[in-house]
Amino acid sequence: MKLGVTEIRKINFALKNKFQFEFSDYSFYFLKRQLESYITRNNFRNIDDFLRYIHTCEQIEDNLREELLVPENEMFRDPTMWEYLRDNILVSLKNRHNATVWFPEASSGEELFSFLIMLYENDLINDVRVLVTSSSKFCLKKLKTGVVRSKGYENNETNYKRYNGQNDFGKYFDFIDSKILLHNKFYQNVTFKQHSVWNPIQVNGLKLTIFRNKAIYYSNNFQHKVLKNITSNLIVGSFLILGAKENVRNSLIDLDIDEHNKFEKIFRKVNR
Amino acid sequence: MNDKIIVIGGSAGSFQIITKILSELPKKFPYPIFLCLHRLKHVRTGFIEALTIKSNLNVIEPEDKVHIKSGNIYLAPANYHMYLELGNIISLSTEPAVNHSRPAIDLTFSSAAFNYKTKVVGIILSGANRDGANGIADVHKEGGITIAQSLEECQVRTMPEAAINATEIDYVYTSDEIISYLLKL
């Protein structure tokens with residue numbers, strides 16, 4: 001089913017009335033595609049059918065939040081960023097008690113899994129606390145199991161080699177039937193929490209936030225609001241990493257951050 | 001905003017045609033051009049430099065949410081889908097590959113069709129899969145102009161052939177004819 005502007009506005013209105021949440025804070029065309037996909041997969045005959053469902057189904061908000069969380073698709077995406085992180089930033093986490101690394105709006109886990117492997121290889125797995133938050137309780141439930149999507153496994157391994165990973169990539173996983181699971185030894189210092197990144201949160205000892213390619217699905221204003229929430233938790237000198245094509249050039253002053261590595265989109269909290 | 005926007009999709013065998021088109025367009029070409037070309041996802045530099053050498057116009061790999069300007073050429077970045085959004089904005093996306101491709105031509109074309117309707121000129125060049133066929137069908141449905149590269153000229157004909165089979169294509173042109181058409185817009 002193809003949705004037009006009017007239909008999407010009707011859906012937004014119905015969702016806002018029920019949940020007090022503005023789905024219109026998402027990029028319009030992205031929202032259109034995700035809603036079309038959800039409506040088609042769930043065999044709604046028409047828009048009225050779907051609107052009735054919104055009124056009656058209590059799970060619809062969670063379902064849509066999951067739908068709108070795009071899977072991270074690949075481990076060690078942009079291998080040069082991970083190399084830079086390993087060689088230049090990881091050192092700032094050493095010998096720091098209670099150093100925390102935050103993954104807001106985690107979805108399928110590839111970013112988290114890559115980071116945990118990197119921590120393990122650098123003997124930091126027991127020293128760094130990792131906070132994983134997501135607005136979707138379904139995503140959190142999956143993340144806790146450590147299941148790696150098998151579809152992209154070969155690509156993950158290729159990226160790991162490009163990152164100059166030194167080990168046998170497969171040794172980090174258990175292959176059980178058709179499932180691939182990250183070893184649970186990596187999860188010792190990981191905390192999971194349901195939280196929507198547009199709501200305030202206090203994260204203590206935050207040294208690094210990895211929030212790559214999450215805000216690109218939001219409207220301009222909403223992006224700024226979300227990034228403001230995130231950077232307010234960073235302490236001076238700590239890092240924020242965004243996606244390679246995210247643009248915050250005009251907000252650096254307001255967010256109290258400076259460009260640390262322009263190409264890899266790594267930013268550092270400053271005291272202005 | 002612009003009277004026209006040009007969206008061009010290509011894959012295997014399209015690079016030479018793209019550089020030929022870019023080299024023929026004048027500095028003051030008045031419309032924005034969006035290039036969605038299949039490319040190696042892990043190679044983030046080099047491609048735009050190769051296109052810039054041949055182009056009289058400004059070639060940009062857009063960041064997310066940049067405003068569209070006439071006369072710029074926007075190249076879909078490696079490993080991102082590129083959408084045209086309401087409000088003359090470009091959005092990027094890391095959603096799963098479509099037609100085994102990210103960037104996917106279908107997504108760029110369909111978003112252009114949805115937001116710009118009759119203003120769109122969609123051009124499908126040489127390529128080895130069916131990406132772009134659904135997108136150019138959307139351009140046609142919304143009243144835009146559809147062009148496919150001539151099958152005789154294509155290095156790989158699968159992509160323009162799929163476009164021709166998917167919808168009513170307004171013009172099947174050689175690269176010289178495509179250039180001539182764009183210069184007359």
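Please report, in cubic angstrom per residue, the volume enclosed by the convex hull of the alpha-carbon atoms of segment A:5-67.
Numbers: hull volume 4.8 nm³, N = 63.
Value for segment A:5-67: 76 Å³ per residue.
Could you please rank A:230, B:124, placing first whichever residue has the fewest other Cβ atoms within 10 Å of its Cβ?
Numbers: A:230 23, B:124 32.
Arranged by neighbour count, lowest to highest, A:230, B:124 become A:230, B:124.
How much of the DSSP bridge set in the protein assembly as shown is antiparallel, in percent, rounded to the nearest 5? Mind showing how you got there, number by number?
Details: 22 of 60 bridges.
That works out to approximately 35 percent antiparallel.
Let me check I've understood the local charge: for residue A:54, count other residues with C-beta under 14 angstrom from its C-beta, Lys and Arg +1, Asp and Glu -1. What total comes out? Present the calculation step by step, with values, prior to reporting the outcome.
Numbers: positive: A:9, A:10, A:16, A:18, A:52, A:65; negative: A:7, A:48, A:49, A:58, A:61, A:62, A:67.
Residues near residue A:54 contribute -1 overall.
Angle between the Cα long axis of helix A:153-162 and the longest principal axis of chain A, 0 to 90 degrees, nearest 10?
40 degrees
When the C-alpha atoms of segment A:143-272 are aligned to their principal axes, what extent does each axis show, in angstrom, from largest down?
51, 31, 28
Tell me which of A:164, A:251, B:128 sits at the most positive position along the dipole axis of the protein assembly as shown, charges placed on C-beta atoms (Lys, Arg +1; Asp, Glu -1).
Selected residue: A:251.
At a Cα cut-off below 17 Å, give the lysines reachable from residue B:4, other chains included and same-chain residues fewer than 8 away excluded.
Straight-distance partners of residue B:4: B:27, B:28, B:69, B:117, B:119, B:141, B:184.
Give me the lysines in straight-line cross-link reach of residue A:16: C-alpha distance below 25 Å, same-chain residues under 8 apart excluded.
The qualifying lysines are A:2, A:32, A:137, A:193, A:214, A:225, A:228, B:65.
Rounded to the nearest 20 debye, what is the charge dipole size of segment B:5-184 about its Cα centre when +1 sits on each Lys and Arg Cβ and -1 on each Asp and Glu Cβ?
Details: 16 positive and 18 negative charges, 88 e Å.
The dipole of segment B:5-184 has a size of about 420 debye.
Translational diffusion coefficient of segment A:196-244 at 25 °C, 0.890 mPa s, Stokes-Einstein with Kirkwood Rh over Cα pairs, in µm²/s as a whole number.
Values: Rh = 11.2 Å.
It diffuses with D of about 219 µm²/s by this estimate.
Fewest Cβ neighbours within 10 Å first, please rank B:105, A:117 accordingly.
Numbers: B:105 36, A:117 25.
The most exposed by this proxy come first: A:117, B:105.
Using alpha carbon coordinates only, what is the Rg to Rh ratio of the protein assembly as shown, with Rh defined as the Kirkwood radius? Working shown, then result.
Details: Rg = 22.8 Å, Rh = 23.3 Å.
Rounded to two decimals, Rg over Rh is 0.98.
Once amide H atoms are built 1.01 Å from N in the peptide plane, which residues 5 or more positions from residue A:235, or in another chain, come under 5 Å H to H?
Here A:206 satisfy the definition.
To check you understand DSSP bridge types, tell me what percent of the beta bridges within chain B (both residues inside) are antiparallel, rounded to 5. Could the numbers behind the result be given before it?
Working: 8 of 31 bridges.
The antiparallel proportion sits near 25 percent.
Taking the Cα centre of each part, how many Å lie between segment A:193-236 and segment B:109-168?
Taking the Cα centre of each part, segment A:193-236 and segment B:109-168 sit 39 Å apart.
Against the longest principal axis of chain A, how steep is helix A:28-41, in degrees 0 to 90 to the nearest 10, with axes from Cα atoms?
Here the helix axis deviates by roughly 70 degrees.
Computed over the Cα atoms, what is the radius of gyration of segment B:5-184 divided by 2.2 N^0.38 Å, N being its residue count? Numbers along the way, then the final one.
Details: Rg = 14.3 Å, N = 180, 2.2 N^0.38 = 15.8 Å.
Its radius of gyration relative to the 2.2 N^0.38 Å reference: 0.90.
In chain A, what % of DSSP beta bridges are antiparallel (nearest 5)? If you can, show how the numbers build up before the last one.
Details: 14 of 29 bridges.
Just about 50 percent of them are antiparallel.
Only counting other Cβ atoms within 10 Å, I'd like A:113, A:44 sorted with the fewest neighbours first. Walk me through the numbers on the way to the answer.
Numbers: A:113 22, A:44 16.
Fewest-to-most ranking of A:113, A:44: A:44, A:113.
Using per-residue counts of other Cβ atoms within 10 Å, averaged over each peptide, order A:218-228, A:186-196 from highest down. List each step's numbers first, then the result.
Working: A:218-228: 18.4, A:186-196: 16.0.
For the peptides A:218-228, A:186-196, the packing ranking is A:218-228, A:186-196.
Can you tell me the orientation of helix A:110-121 relative to chain A, as the angle in degrees between its alpha-carbon axis and the longest Cα principal axis, to the nearest 10?
10 degrees
Just add up the charged neighbours of residue B:98: K/R +1, D/E -1, any other residue whose Cβ is under 9 Å from the Cβ of residue B:98.
Working: positive: B:102; negative: B:95, B:106, B:131.
Its environment carries a net charge of -2.
Normalized C-alpha radius of gyration of chain A, against 2.2 N^0.38 Å?
Values: Rg = 19.4 Å, N = 272, 2.2 N^0.38 = 18.5 Å.
Chain A yields a ratio of 1.05.
Over its Cα atoms, what ratio of radius of gyration to 2.2 N^0.38 Å does segment A:10-159 give? Could you put the intermediate results ahead of the total?
Working: Rg = 19.0 Å, N = 150, 2.2 N^0.38 = 14.8 Å.
For segment A:10-159, the normalised Cα radius of gyration is 1.28.
No lab work stands behind these numbers, since they all come straight from the coordinates. Source: prediction; values computed, not measured. Glycine gets a Cβ as well: all are built from the backbone with ideal geometry, and neighbour counts include every protein chain shown.
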